[in-house]
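Have a look at the structure below, then the notes.
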Amino acid sequence: MRIGMLLSYSDGFQDCVRRLGDFEKAGLDIVFVPEAYSFDAVSQLGFIAARTERLEIASGILQLYTRTPSLVAMTAAGLDYVSDGRFTLGIGASGPQVIEGFHGVPYDAPLTRTRELVDICRMVWRRDPVVYEGAKYTVPLPADRGTGLGKPLKLINHPVRKRIPVVLAAIGPKNVALAAEIAEGWKPVFFHPEKAAEVWGPALAEGTAQRDPALGPLDIVAEAPLAIGDDTADLLDLARPRLALYIGGMGAPGKNFYNNLCRRYGFEKEAAEIQDLYLSGRKREAEAAVPLELLRATSLVGPESLVAERLAAYRAAGVTTLNIQPVSPDTNRQLADVARLRALTGDSGGSGRRP
């Protein structure tokens, strides 16, 4: 089991990067850099690549709509090059609130766009001439839609790898099935191990039935706050703001994918209450309404014996990469927590899946 870590939007970036070497020594295998509508992830990933030697790096995630597929492929190949084959391309559809509200482009056909983007990326990495005719992307651009001067081109440089791992962020059934079919990895959010088979099992089975064996087993990347110790009870509450933000504020009523997931976990009443409170500006009350059962199920916070039990539940649910967010109050405690988690996984780290 790999141990990953999600870089925070708000922490001092250079301080975080300086500490990555210490986290790697403690047992960290891979770091994910988010984007959302914060700073772009690509510049930060390049910086991290230059400041590390063995740690894997991943976008967590790049959204589909504002970069062409060829540009996504070029960017991934470039990051893989400067990191000497340590990059994983994390992609996802995001949502209409961000895509239309921040970028000003239509949010349409996320499943079709995902499949076509991944197809084109893999063509670019193989250095095939990019000739593609899809429902959303046609390359080269047909003459009747442009100057008529476009011609098939292939990537000038030779990529470090012909197949860069793709991790697809997905929580809806159709998108999860697509991840299991076409991607090297799947990145859900708020992963509830005991509910995973019920909520996602059919979609994963559907996609796996269509999966190319050459992709290997699906890497399941689950997020969880981490703090180990007998004095960690109050640290569990640190996960409330993020859960409340996503369940309550990441989308309009009826169009919030995270709220829908909370309902599918069985918290229908709580999901409605959190959303009502958050959208009415009562954020603290929304945070307080996050059910304790959900907090505990989606966290690795507590005494070592409890964390070991939760780790076993994640493993039983098929998780192969734990993407943790250390929440202990100081860096030394956080490093110790990662080292203890590494010991609990029963391996020595370095278990990356880079092809």
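The values are calculated or read from the model by the stated rules, or taken from the named source; none is laboratory data. Note that the coordinates shown come from a computational prediction; the quantities given were computed from them, not determined experimentally. Methodologically, a virtual Cβ is constructed for each residue, glycine included, from the backbone with ideal geometry; neighbour enumeration extends over all protein chains shown. In case anyone asks, the SASA skips ligands and DNA or RNA and just uses the protein heavy atoms, side chains included. Shrake-Rupley method; radii C 1.70, N 1.55, O 1.52, S 1.80 Å.
Of the heavy-atom accessible surface of the chain (probe 1.4 angstrom), what whole percent is carbon and sulfur? Mind showing how you got there, number by number?
On the way: 8630 of 16040 Å².
C and S fraction of accessible area: 54 percent.
With an 8 Å Cα cut-off and a minimum separation of 6 or more residues, compute the relative contact order for region 128-251 in percent.
Details: 126 pairs, mean separation 22.5, N = 124.
Relative CO of region 128-251 lands at 18 percent.
What Kirkwood hydrodynamic radius, in Å, does region 213-275 give when the mean of 1/r is taken over all pairs of distinct Cα atoms and then inverted? Write out the running numbers ahead of the final one.
Numbers: mean 1/r = 0.0719 Å⁻¹.
Value: 13.9 Å, from the Cα pair sum.
Enumerate by residue number the trypsin sites (Lys or Arg not before Pro) in region 6-57 meeting two conditions: DSSP loop (anything except H, G, I, E, B), and at most 16 other Cβ atoms within 10 Å of the site's Cβ.
Values: sites: Arg18, Arg19, Lys25, Arg51, Arg54; in loops: Arg54.
Sparse-neighbourhood loop trypsin sites (Lys or Arg not before Pro): Arg54.
Ignoring ligands, DNA and RNA, what accessible area per residue does the chain give at 1.4 Å, in Å²? Working shown, then result.
Working: 16040 Å² over 355 residues.
Heavy-atom SASA per residue in the chain reads 45 Å².
Quick check: pseudo-label points 7 Å beyond the Cα along Cα→Cβ at Leu153 and Ala205, how many nm apart are they?
4.7 nm
Any idea of Leu111's accessible area? Nearest 10 Å², probe 1.4 Å.
So the heavy atoms of Leu111 present about 60 Å² to solvent.
So what are the radius of gyration and Dmax for the Cα set of region 92-217, in Å?
Every Cα atom of region 92-217 included, Rg and Dmax give 16.9, 55 Å.
Quick one: compute the contact order of region 267-355, relative version, from alpha carbon pairs under 8 angstrom and 6+ residues apart, as a percent. Could you put the intermediate results ahead of the total?
Numbers: 32 pairs, mean separation 13.2, N = 89.
About 15 percent, as a whole number.
Tally Lys/Arg at +1 and Asp/Glu at -1 over every other residue whose Cβ is under 14 Å from the Cβ of Pro152; what's the total?
Values: positive: Arg126, Arg127, Lys151, Lys154; negative: Asp128, Glu133.
Net charge around Pro152: +2.
If DNA, RNA and ligands are ignored and the probe is 1.4 Å, what is the ranking of Tyr65, Tyr81 by accessible area, most exposed first?
Descending accessible area places them as Tyr81, Tyr65.
Once you have the Cα-Cα distance between Ser38 and Arg18, take 0.36 nm times their residue separation minus that, and quote the gain in nm to one decimal. Each step should come with its number before you reach the end.
Details: separation 20, 0.36 × 20 = 7.20 nm, distance 2.05 nm.
Going from the current span to full extension adds 5.1 nm.
Check which residues have an amide H placed less than 5 Å from Ala224's amide H, if you skip close sequence neighbours.
Asn323, Ile324, Gln325
Obtain the nm distance between the two label points defined at Glu268 and Thr66 by a simple spin-label model: each point lies 7 Å from its Cα along the Cα-to-C-beta direction.
Distance between the two pseudo-spin positions: 3.7 nm.
As a check on your grasp of the helix formula, calculate [θ] at 222 nm for the chain: sum -39500 (n - 2.57) over DSSP H runs of n ≥ 4, divide by the residue count, round to the nearest 500. Mind dumping the intermediate values first?
Details: 14 runs with 151 residues, N = 355.
So the calculated ellipticity at 222 nm is -13000 deg cm²/dmol.
For a label point 7 angstrom out from the Cα of Lys162 toward its Cβ, which stretches of region 117-134 have the backbone nitrogen within less than 18 Å?
Of the residues in region 117-134, 119-131 have backbone N under 18 Å from the label point off Lys162.
Kindly state, to the nearest 0.05, the FRET efficiency for Ala50 paired with Lys283, given R0 = 35 Å and r defined as their beta-carbon distance. Before the final figure, lay out the partial values.
Working: r = 38 Å, r/R0 = 1.07.
Once rounded, the FRET efficiency stands at 0.40.
Looking at this model, which pairs from Lys136/Lys187; Lys154/Lys187; Lys174/Lys255 are more than 27 angstrom apart at the alpha-carbon? Show your work: numbers first, answer last.
Numbers: Lys136/Lys187 24 Å; Lys154/Lys187 30 Å; Lys174/Lys255 16 Å.
Violating the 27 Å Cα-Cα cut-off are Lys154/Lys187.
Relative contact order for the chain: what is it in percent, counting Cα pairs under 8 Å that are at least 6 residues apart? Write out the running numbers ahead of the final one.
Numbers: 634 pairs, mean separation 68.3, N = 355.
So the answer I get is 19 percent.
For region 165-292, what size does the Cα cloud have along each of its three principal axes, sorted from largest down, in whole Å?
On the principal axes, region 165-292 reaches 48, 39, 24 Å in Cα extent.
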